[in-house]
1. Looking at segment 123-142 only, could you name the residues that are in a loop (DSSP other than H, G, I, E, B), modelled with pLDDT of 95 or more and not basic (Lys, Arg)?
2. Which of the following residues is within 27 Å of Asn338 (Cβ to Cβ) and not polar (S, T, N, Q): Ala414, Ala406, Ala457?
3. Of the residues that sit in segment 61-108 and are without any contact (Cβ under 8 Å) to a residue 40 or more places away in the chain and hydroxyl-bearing (Ser, Thr, Tyr), which one is farthest from Asp264 (Cα to Cα)?
4. For segment 211-225, name all the residues that are surrounded by 14 or more Cβ atoms within 10 Å (Cβ to Cβ), touching a helix residue (DSSP H, G or I) at 6+ places or on another chain (Cβ under 9 Å) and either not assigned by TED's automatic domain parsing to the domain that holds His162 or not in a helix (DSSP H, G or I) (or both).
5. Among what's in segment 14-31 and is without any contact (Cβ under 8 Å) to a residue 60 or more places away in the chain and in a helix (DSSP H, G or I), pick the residue that is surrounded by the most Cβ atoms within 10 Å (Cβ to Cβ).
6. Can you name every residue in segment 109-127 that is within 23 Å of Ser315 (Cβ to Cβ) and free of Cβ contacts under 8 Å to residues at least 12 places away in the same chain?
7. For segment 414-425, how many residues meet the condition of being more than 30 Å from His271 (Cβ to Cβ) and either in contact (Cβ under 8 Å) with a residue 60 or more places away in the chain or in a helix (DSSP H, G or I) (or both)?
8. Could you go through segment 303-310 and let me know if any residue there is among the hydrophobic types (A, V, I, L, M, F, W, C), in contact with a helix residue (DSSP H, G or I) (Cβ under 6 Å, 6 or more places away or on another chain) and in contact (Cβ under 8 Å) with a residue 24 or more places away in the chain.
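The values are calculated or read from the model by the stated rules, or taken from the named source; none is laboratory data. Because the structure is predicted, anything quoted here is derived from the model rather than measured. Cβ atoms come from the backbone with ideal geometry, glycine included; neighbour counts cover every protein chain shown.
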Amino acid sequence: MTQLKLRSGFTFDVTNLYGPNEVTEDEVKAFAPVYTKAHEAVMNMRKTGIMPGHLSKDGEPEEVLFPQLPYIEDGNINSPERIFALEELARTTRNRVDAVVFLGIGGSYLGGKVLFDVQCGEFWNLKSTAERKGFPKAFFAGNNVDSHKMTGLIHFLKADSHTKPNYTVMAVVISKSGSTIEPMSNYMVLKQAMNDAGIALETVAVTDPHDGGDKETLLHGLAKKSGWPIFYVPDGVGGRFSVFSEVGLIVGALTGFDIRQFLDGARDMDHACQNPDIWQNPALLNSVLKFLAGKNHGRDLEVLMPYADNLKSLSEWYIQLLAESLGKRLDKQGNVVNYGRTPIVAVGTTDMHAQTQEHQEGPQDKVVQFVSVENWPDDVTVPHLYDEYPKLAAFSGLPLSQILEAARSSNAEALAGDGRPSANYILPALTPYHLGELMFMLCLSIAYEGEYANVDAFNQPGVEVYKKFLGGRLKKLQEK
């Protein structure tokens, strides 16, 4: 068994990805000069914010500052003052605000949704205020322009407002520019509906930090004019890396997620990933094996398959991280390379009954990446109700967590038996700390792989193309 295990217990098991029938020891050794150079580039990025070849969407040099985020220090993006401001917002919201609606899309939605799902789960809004420890009910909107969903949310809030006097809704609008169509259109619909219904609506803006001057964004100016609290979408941090900034942390703060522990996990992972030894650095090992699996073995798809229902959103977050970072037409010298590895969302055991047939017998073009949790605090055991039926007695008396892990390991064994690679991130428990470790390791892995592929992992020029067409279409609709 080939594993990299950190002191925290975080483990990366590559037994079924590294070896004679997969990415070989000789391949990794031959690639050492490339990954060593990439490690040096990432280490320099930590110190200076500079990643050679990275330009903003305006074609100007731009710092890459996400490695700074785990460190709560004066002068950093996450300064003690800014973390305290988040905690103070949470304190003044508890037992006062009844429902909070987070309005964001892409990186302004996906990372925060992971924190919510891990902390709260799908039954959060069915719990009493006491069971939620005074934290508000939470909803996500602005991640699409879907009338059916927004209408349903408005109807719910109107009905819920009848349950208590002085019912209060808070809208957290997350947009760097303030002109992002999805969150802003939904916010305006929500605001009008709450006004019409006589429901108190408070607004918090999470937007560009520049105050005044040419750089002040629409949302920042609107928030100042309206007297809304303002939190920041930091410069130098792309949306897909922003879960460790106020963009994601505000969701955690308002739902009781321990944001300091989350950043502690990310910080400790960052320390581990400063080691140049590939077998001591999880992000380096992960990126090298995935890159070589694609380059040398045609594994151009990656299935992220956590064995936990409330980690499906982790896969959805990873979709953006991998796709926007590495799906690039041009390399850093402007040559057409059309590089990328397509990410696929899956959840175990659910998708063993949906996708595994294709994983097991379809094209030999993918790596299946599992996430498993060792210890569940709320584990339950299947009771002995029908032991007279051998097929039911076979799993009676077993904890669900053991059944879940047996299914995952069986999936991995079946894939390996047909020469299909997989790997497993093992979390000792599903806590903010270990989640911070995992998510930050994935971010660093992307930074490394961008260097191997010689593409800019921190821009997203392809996203700008459709926006040009969309702007024209909206103008024509206005004219009609």
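1. Answer for segment 123-142, where residues must be in a loop (DSSP other than H, G, I, E, B), modelled with pLDDT of 95 or more and not basic (Lys, Arg): Phe123, Ser128, Thr129, Ala130, Glu131, Gly134, Phe135, Pro136.
2. Just one listed residue meets the conditions, Ala457.
3. Filtering segment 61-108 for residues that are without any contact (Cβ under 8 Å) to a residue 40 or more places away in the chain and hydroxyl-bearing (Ser, Thr, Tyr), the one farthest from Asp264 (Cα to Cα) comes out as Thr92.
4. Across segment 211-225, the qualifying residue is only Glu216.
5. That would be Ala30.
6. Phe123
7. The qualifying residues number 6.
8. Yes, segment 303-310 has at least one match.
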